[in-house]
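The values are calculated or read from the model by the stated rules, or taken from the named source; none is laboratory data. Remember, it's a predicted structure, so these values are computed and weren't measured experimentally. Here Cβ is always computed from backbone atoms with ideal geometry, including for glycine, and neighbour counts include all displayed protein chains.
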């Protein structure tokens with residue numbers, strides 16, 4: 001198995017872990033505040049979806065050999081916004097908190113699948129080359145895929161802990 005397939009397999013497993021966990025919860029559990037700032041599982045999923053949109057923009061830009069086109073909600077300038085994750089997270093919460101769980105869940109599922117498709121379409125050499133895309137400032141698209149995995153895992157671990165102590 002090459003590195004690209006290894007990373008994509010891990011991401012697929014991550015997706016399945018989330019789907020398995022979420023399938024066992026009813027909407028009351030999903031929408032109940034249980035995390036910092038009163039966030040619910042639904043809010044965390046919206047947060048993951050939104051940051052996934054940034055990763056999709058980057059991966060799509062790599063596949064199309066162009067600069068990323070970020071979602072309008074992300075704000076300007078991109079570098080400054082990423083350095084202030086709290087501000088971006090507050091914007092995501094304001095944008096998504098009132099949305100219904102089925103919409104949030106469907107958006108996250110579709111985004112995750114799109115991300116996997118884009119990663120699968122990239123040649124491994126382009127995915128691993130940290131100098132290939134100047135706008136990534138020395139990072140590779142593989143770093144983007146791995147960071148998405150790590151971000152999802154971080155929140156999955158927190159959710160599992162919260163459910164054990166509930």
Take the conditions assigned to a loop (DSSP other than H, G, I, E, B) and surrounded by fewer than 13 Cβ atoms within 10 Å (Cβ to Cβ) and apply them to residue 157. Does it pass? no
For the range 20-53, how many residues meet the condition of being in contact (Cβ under 8 Å) with a residue 12 or more places away in the chain and under 19 Å from the mean Cα position of the chain (by Cα)? 18
Selection count, the range 69-88, where residues are modelled with pLDDT of 90 or more and surrounded by 15 or more Cβ atoms within 10 Å (Cβ to Cβ): 1
Which numbered condition trips up residue 60, out of (1) modelled with pLDDT under 95; (2) under 16 Å from residue 135 (Cβ atoms); (3) surrounded by 11 or more Cβ atoms within 10 Å (Cβ to Cβ)? (1)
Matching residues in the range 35-49 - criterion: being more than 14 Å from residue 105 (Cβ to Cβ) and in a helix (DSSP H, G or I): 36, 37, 38
In the range 17-34, what residues are in a loop (DSSP other than H, G, I, E, B), under 13 Å from residue 105 (Cα atoms) and touching a helix residue (DSSP H, G or I) at 6+ places or on another chain (Cβ under 8 Å)? 25
When the range 104-138 is examined, which residues are found to be part of a helix (DSSP H, G or I) and over 16 Å from the mean Cα position of the chain (by Cα)? 120, 121, 124, 125, 126, 127, 128, 134, 135, 136
Please identify the pairs in which a residue from the range 132-146 that is without any contact (Cβ under 8 Å) to a residue 12 or more places away in the chain and at positive phi has its Cβ atom under 7 Å from the Cβ atom of a residue that is surrounded by fewer than 20 Cβ atoms within 10 Å (Cβ to Cβ) and part of a loop (DSSP other than H, G, I, E, B), counting only partners at least 6 apart or on another chain. 138/130
